[in-house]
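Visitor: Handing you a structure now.
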Amino acid sequence: MWDSTVGKKAVMAVSGLIMLLYLVAHMLGNLKIYFGAPEFNEYAHWLRTMGEPLLHYEWALWVVRVVLVAAVVAHAVSAYQLSRRDIRARPAKYVHRKARTSYATRTMRWGGIILALFIVWHILDLTTGHVHSGGFEEGKPYQNVVDTFSTWYGNVIYIVAVLAVGLHIRHGFWSAAQSLGVGSRSRDRALKALANVLALLLTVGFLAVPVGVMTGVVS
Ligand code: HEM
């Protein structure tokens, strides 16, 4: 099953949906920045105390992190294997390089690579602070976020990444629905609309944070 093309597509779809759920939660959580520093910082603290006293400090957060890393690895490995299979399956080389892959396939590949690089940057910026522009303070994400979006390159990196997320989800959600077999002729249009709405909501929701800082609404 795992070796089949269908199996790999199912792995891509399920791991993609796990990451999508995380992104919806992350986007909604980020919007708390509009309610001020105490509320936003308290929310970040809650992410670490979730599940207490049954669980120890940060255990639930680590469970989420492990699931996410597993999803990212499964998604990337299956994508790589599917694209190798795609290349091997071609009977002859095409004369025009560009004609080899469709526009959507190329966008998904490059989008995926951009997002993987962004996630590394993002963690070093706002979780560990290694590449942070201001004086990174652990436990003070509100100020850290404001610092990031007070630099031109911070805005450029995040805005490009968020647009890439939107495009990736728009096409990915649609492909996942087809791989999992929930797409039928009658449902196709509704699923496409759902993919568009989801992608748009996530893009707008994530963009609201840098826009808030740039306009001075969040400061
Ligand atoms: C404007 C957009 C975004 C803002 C303002 C933002 C903000 C943050 C902040 C403040 C943290 C640190 C939370 C903490 O340590 O308490 C964080 C962590 C994280 N964000 Fe984002 N984020 C944004 C977009 C994204 C996107 C698009 C992705 C994925 C593609 C993403 C994935 C993550 C991940 C994986 C973590 C690490 C969670 C952990 O292990 O602690 N973020 N984000």
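The values are calculated or read from the model by the stated rules, or taken from the named source; none is laboratory data. On a predicted model such as this, the values are computed, not experimentally measured, just so you know. We place every Cβ from the backbone using ideal geometry, glycine too, and count neighbours over all the protein chains shown.
Visitor: So the check is Cβ under 7 Å with 6+ separation or different chains; which pairs have a first residue in the stretch 196-207 that's under 12 Å from H171 (Cα atoms) and a second one that's of a type in the set (F, W, Y)?
Guide: L198/F173
Visitor: Between A190, A164, which is surrounded by fewer than 19 Cβ atoms within 10 Å (Cβ to Cβ) and of a type in the set (A, V, I, L, M)? Walk me through it before giving the result.
Guide: Working: A164 fails: surrounded by fewer than 19 Cβ atoms within 10 Å (Cβ to Cβ).
From the options A190, A164, the qualifying one is A190.
Visitor: Of the numbered conditions (1) more than 17 Å from the chain's Cα centre (by Cα); (2) modelled with pLDDT under 95; (3) not basic (K, R), A13 satisfies every one except a single condition; which is it?
Guide: Of everything listed in (1) more than 17 Å from the chain's Cα centre (by Cα); (2) modelled with pLDDT under 95; (3) not basic (K, R), A13 misses just condition (1).
Visitor: Another question, then. Looking for whichever is in contact with a Lys or Arg (Cβ under 6 Å, 6 or more places away or on another chain) and either aliphatic (A, V, I, L, M) or within 15 Å of the ligand (Cβ to nearest atom) (or both) here; the options are L82, L17. Which one fits?
Guide: When all the criteria are applied, what remains is L82.
Visitor: Now for a different question. I'd like to know if the stretch 78-85 contains one or more residues that are part of a helix (DSSP H, G or I), aliphatic (A, V, I, L, M) and either out of contact with any helix residue (DSSP H, G or I) (no Cβ under 8 Å at 6 or more places or on another chain) or modelled with pLDDT of 95 or more (or both).
Guide: Looking for residues that are part of a helix (DSSP H, G or I), aliphatic (A, V, I, L, M) and either out of contact with any helix residue (DSSP H, G or I) (no Cβ under 8 Å at 6 or more places or on another chain) or modelled with pLDDT of 95 or more (or both), one finds none in the stretch 78-85, hence no.
Visitor: So, one more: D125: near the ligand (Cβ under 10 Å from one of its atoms), part of a helix (DSSP H, G or I) and charged (D, E, K, R), yes or no?
Guide: yes
Visitor: Then there's this: Which ones in the stretch 62-75 are under 20 Å from W110 (Cα atoms) and surrounded by 13 or more Cβ atoms within 10 Å (Cβ to Cβ)?
Guide: Going residue by residue through the stretch 62-75, those that are under 20 Å from W110 (Cα atoms) are 69, 71-75.
Of everything in the stretch 62-75, those that are under 20 Å from W110 (Cα atoms) and surrounded by 13 or more Cβ atoms within 10 Å (Cβ to Cβ) turn out to be A71, V72, A74, H75.
Visitor: Ok, one more. Name the helices (runs of 4 or more DSSP H) wholly inside the stretch 129-219 in which the number of residues that are of a type in the set (G, A, S) is 2 or more.
Guide: Because the criterion is at least 2 residues that are of a type in the set (G, A, S), the helices (runs of 4 or more DSSP H) in the stretch 129-219 that meet it are 152-179, 185-214.
Visitor: Within the stretch 1-23, is there a residue that is within 30 Å of Q143 (Cβ to Cβ), in a helix (DSSP H, G or I) and of a type in the set (G, A, S)?
Guide: no
Visitor: For the stretch 76-84, does any single residue satisfy the condition of being farther than 27 Å from V213 by Cβ, more than 15 Å from the chain's Cα centre (by Cα) and surrounded by fewer than 13 Cβ atoms within 10 Å (Cβ to Cβ)?
Guide: Yes: the stretch 76-84 contains one or more residues that are farther than 27 Å from V213 by Cβ, more than 15 Å from the chain's Cα centre (by Cα) and surrounded by fewer than 13 Cβ atoms within 10 Å (Cβ to Cβ).
Visitor: If you go through the stretch 29-45 one residue at a time, do you hit one that is away from the ligand (no atom under 11 Å from the Cβ) and among the β-branched types (V, I, T)?
Guide: No, the stretch 29-45 has no match at all.
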